[in-house]
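The values are calculated or read from the model by the stated rules, or taken from the named source; none is laboratory data. All of these numbers come straight from a predicted model, not from anything done at the bench. When we count neighbours, we look across all protein chains shown, and the Cβ atoms used for this are built from the backbone with ideal geometry, even at glycine. Just so you know, the surface numbers come from the protein's heavy atoms only, side chains and all, with ligands and any DNA or RNA stripped out. Shrake-Rupley method; radii C 1.70, N 1.55, O 1.52, S 1.80 Å.
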Amino acid sequence: MEEDNQCTKPHAILVPLPLQGHVIPFTNLAVKLALNGFTITFVNTQYIHHQITKSQPNNKTEQDDIFAAARKSGLDIRYKTVSDGFPLAFNRFQNLDQCLEGHLHVYPTHVDELVGDLVQSDPSITCFIADTFHTWPETIANKYNLVNVSFWTEPALVLSIYYHLDLLKQNGHFGFHDKREDNIDYIPGVQAIEPKDLMSYLQAADLSSPMLRIIYKAFHEVKRADFILINTVQELESETLSALHEKQPTYAIGPVFPSKPTKTIVATNLMSEFDCTQWLKTKPHGSVLFISFGSYAQVTTKDIEEIAHGLLLSKVSFIWVLRPDTTSYEETNILPVGFDSLTSKKLIVPWCSQIKVLSHPAVGGFLTHCGWNSILESMWCGVPMLCFPLWTDQITNRKLVVDDWGIGLNICDGVKPITRVEVAEKINHVMSEKLGHGLQKEIKNVRQTMEDALTLNGSSQKNFFQFLSDVKTKVQTRN
Ligand SMILES: O=c1ccn([C@@H]2O[C@H](COP(=O)(O)OP(=O)(O)O[C@H]3O[C@H](CO)[C@@H](O)[C@H](O)[C@H]3O)[C@@H](O)[C@H]2O)c(=O)[nH]1
């Protein structure tokens with residue numbers, strides 16, 4: 001019996017991109033797979049592991065192994081760390097290009113070595129689940145005869161655009177200094193989209209940046225994956241998903257959250273969390289605006305100043321997550337003079353549990369940089385958004401939120417700089433019961449769609465079970 005179980009129980013190695021917005025959905029996926037009979041070996045970089053343990057309240061037993069509590073609860077999740085090639089003290093964000101070069105050339109060698117050791121010591125390992133942004137999954141999966149699964153942590157729309165870079169190039173919308181400016185209407189499953197809504201990397205002038213080289217390689221690589229998992233919902237992006245599915249087996253399994261999103265048993269925070277619960281308790285229903293720009297995007301001091309003044313003009317209560325590196329790695333005093341004085345209307349924190357804050361009934365709006373996790377969490381909590389996209393997929397995600405789904409507003413038109421008056425106006429629109437009624441109605445529908453997708457017969461659950469079954473078949477037929 002034991003032997004049979006060993007043979008049929010799939011064992012997957014999971015390797016997220018070493019960034020907060022990727023580690024969170026990967027951790028949730030690990031738990032979801034383990035709850036459904038997988039053995040998991042989860043691999044974080046030593047740097048990510050160090051950041052997580054540093055951010056934990058003292059004396060927590062899971063400090064050395066973030067999955068210790070999950071294992072105690074019966075889940076078979078093992079934990080490994082790997083070097084990304086840089087010393088722990090190296091500032092990866094401040095030296096982004098150097099860090100990306102390392103990710104292209106050094107990090108894969110370490111992952112390869114680790115996977116080789118793991119596979120040799122444990123032949124039950126059959127499956128390799130890596131972030132789509134990694135540039136080497138095919139090589140490693142092939143070398144060790146593992147089923148190759150790509151996990152995409154952004155919307156299907158964004159995947160589809162990267163997937164069809166060749167079409168964008170052929171049609172002159174990408175890869176040229178004088179690019180076409182008309183709509184892009186030839187990507188399978190994607191409605192006509194304006195070039196200004198493309199991800200920032202595809203709008204950049206430098207065509208040989210390390211980031212673009214990663215993109216070329218990663219989206220060449222993904223085409224050889226056996227399966228693609230996407231953290232989205234079928235009903236929200238059905239045409240795009242169908243078109244992708246025609247190319248490769250693609251499964252929309254989102255939102256990939258813990259079963260109780262506000263009570264996760266695995267530590268993932270890279271920064272220490274401030275508890276906002278007591279403060280929120282004192283606020284009326286729907287009266288608080290939450291503001292966060294995710295884990296690493298940077299904002300100009302000028303924009304911070306306009307947002308700060310806009311907040312004061314709007315007169316709403318708010319929680320603002322201002323990471324110490326929000327504007328730069330040197331500047332710490334970024335708020336306008338006078339803004340920082342304590343009033344009961346505002347709470348400024350370096351980091352908090354975003355999902356806990358968004359789930360609180362006092363929160364009525366979210367000024368967000370449009371990271372995909374933030375969007376999924378806001379939709380799940382039924383909180384309308386004010387969109388302030390900064391770079392990468394956030395630009396394209398904004399289109400989904402504002403133009404396609406009608407669950408958010410633009411903070412500005414994206415051409416002219418943001419102004420405090422406009423910021424205040426938009427905040428009051430989103431937060432007003434009357435003016436924000438349309439947004440609230442739409443977001444309730446989206447929340448229902450997500451909830452339905454996660455029921456036993458819902459699309460995400462069915463897709464997930466189909467994936468489990470397909471992966472098992474594939475494992476059995478590996479040569
Ligand atoms: O105080 C905070 C702020 C954020 N979060 C969490 O951190 C995650 C942030 O993820 P996301 O909103 O996606 O933003 P980024 O950290 O910027 O994520 C990166 O990864 C995402 C997924 O690939 C992309 O969509 C983004 O553009 C990219 O910047 C979310 O789960 C938040 O709940 C907290 O828990 N507390």
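Key figures
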| read-out | value |
| --- | --- |
| Violating pairs (Cα-Cα greater than 25 angstrom) within the set Lys54/Lys143; Lys179/Lys416; Lys72/Lys260; Lys263/Lys345 | Lys54/Lys143; Lys263/Lys345 |
| Carbon/sulfur fraction of accessible area - the chain, other protein chains in place, 1.4 Å, % | 52 |
| Cα gyration tensor shape for region 277-450, rounded if a/c is under 1.5, else prolate or oblate | rounded |
| Stretch gain in nm, segment Ile348-Thr455, where the contour uses 0.36 nm per residue and the Cα spacing is subtracted | 34.8 nm |
| Dipole in debye (nearest 20) - the chain, about Cα centre, beta carbon charges: Lys, Arg +1; Asp, Glu -1 | 1080 |
| Which of Thr39, Thr455 is most accessible, then next, and so on - probe 1.4 Å | Thr455, Thr39 |
| Within straight-line cross-link reach of Lys32, aspartates and glutamates at Cα separation under 12 Å, skipping those fewer than 8 residues along the same chain | Asp76 |
| Principal-axis tilt of helix 210-221 within the chain, Cα atoms, nearest 10 degrees | 50 |
| Positive-pole candidate from Ser238, Leu322, Gly74, dipole of the chain, charges at beta carbon | Gly74 |
| Full-stretch length increase - Phe274, Lys247 - with 0.36 nm per residue and alpha-carbon distance subtracted | 5.3 nm |
| Cα gyration tensor shape for region 158-246, rounded if a/c is under 1.5, else prolate or oblate | oblate |
| Cβ-placed point charges (K, R +1; D, E -1), dipole of region 277-450 about Cα centre in debye, nearest 20 | 660 |
| Among Ile418, Gly438, Gln394 - extreme Cα towards positive end, dipole of region 381-449, charges at beta-carbon | Gly438 |
| Helix 437-454 vs. the chain, principal-axis angle (Cα, 0 to 90°, nearest 10) | 10 |
| Accessible area, probe 1.4 Å, largest first, for residues Val106, Val363 | Val106, Val363 |
